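Student: Below you'll find the structure I mean.
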Amino acid sequence: TISRVGHKKTVSKLSMIAKSGGTPITTAEQFESDVLSTDASRPVLVFFSAPWCGPCRLSNPVVRDVMKQFAGRIDVVEVCTDDLPEVAADAGVVSIPTIQVYYGGSALDTIVGCVARNVLASAVTKILEDLGQGDPEDEEDDAGGQEGVNEEEGG
């Protein structure tokens with residue numbers, strides 16, 4: 001049996017598994033089609049990291065939580081800078097972890113270093129609002145900041 005706590009995935013050829021939960025980007029061509037496409041229907045959050053990077057490991061649960069919070073409203077991908085240094089360099093990444101949010105083929109925001117969940121969520125919310133895709137949950141939510149709110153899936 002597979003334990004939910006200790007689940008492991010294997011990926012050949014890549015040094016990193018997308019531990020943030022985002023879709024792993026494995027080629028420069030995939031980055032171009034999944035991130036830089038001008039046909040994207042929603043923003044793409046790109047998490048640049050590497051397996052040896054301690055601050056990246058600390059950022060994994062933050063990215064995972066924001067991905068769940070904005071499920072269906074943003075796409076999340078992960079780029080291992082060890083596997084795709086040219087993609088990171090082309091994106092202007094000089095330090096990891098770096099989180100960039102793209103829409104319409106352009107980076108709209110860049111956050112370098114460890115980031116708190118509420119800060120990343122606020123950045124995503126602002127981008128969605130700027131794009132006219134504001135948060136439909138805000139109208140129903142009396143909690144405001146969402147900090148500490150745990151939504152369970154299923155029902």
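Student: Convert each backbone phi in the stretch 120-127 into a coupling constant with the Karplus relation 6.51 cos²θ - 1.76 cosθ + 1.60 (shift: θ = phi - 60°), then list the ³J(HN,Hα) values in order as whole Hz, x for Gly and Pro.
Tutor: Along the stretch 120-127, the couplings run 5, 4, 5, 5, 5, 4, 4, 5 Hz.
Student: Work out from phi, with θ = phi - 60° and the Karplus expression 6.51 cos²θ - 1.76 cosθ + 1.60, the ³J(HN,Hα) of each residue of the stretch 65-82, listed in order in whole Hz, and give x for Gly and Pro.
Tutor: Computed from phi, the couplings for the stretch 65-82 are 5, 5, 4, 5, 4, 10, 3, x, 10, 9, 9, 10, 10, 10, 10, 7, 5, 6 Hz.
Student: Out of residues 5 or more away from LEU108 or on other chains, whose amide H comes under 5 Å of its own, with H placed 1.01 Å from N in the peptide plane?
Tutor: Correct list: VAL101, TYR102, TYR103.
Student: Would you grab the residues whose amide H sits under 5 Å from the one on ASP75? Only those 5+ places off in sequence or on another chain, please, with H modelled 1.01 Å from N.
Tutor: Long-range HN contacts for ASP75: VAL44, LEU45.
Student: Relative contact order for the stretch 27-90: what is it in percent, counting Cα pairs under 8 Å that are at least 6 residues apart?
Tutor: Relative contact order here is 44 percent.
Only the coordinates and a few stated rules stand behind these numbers; no lab work does. Just so it is clear, the structure is predicted and the values come from calculations on it, not from any experiment.
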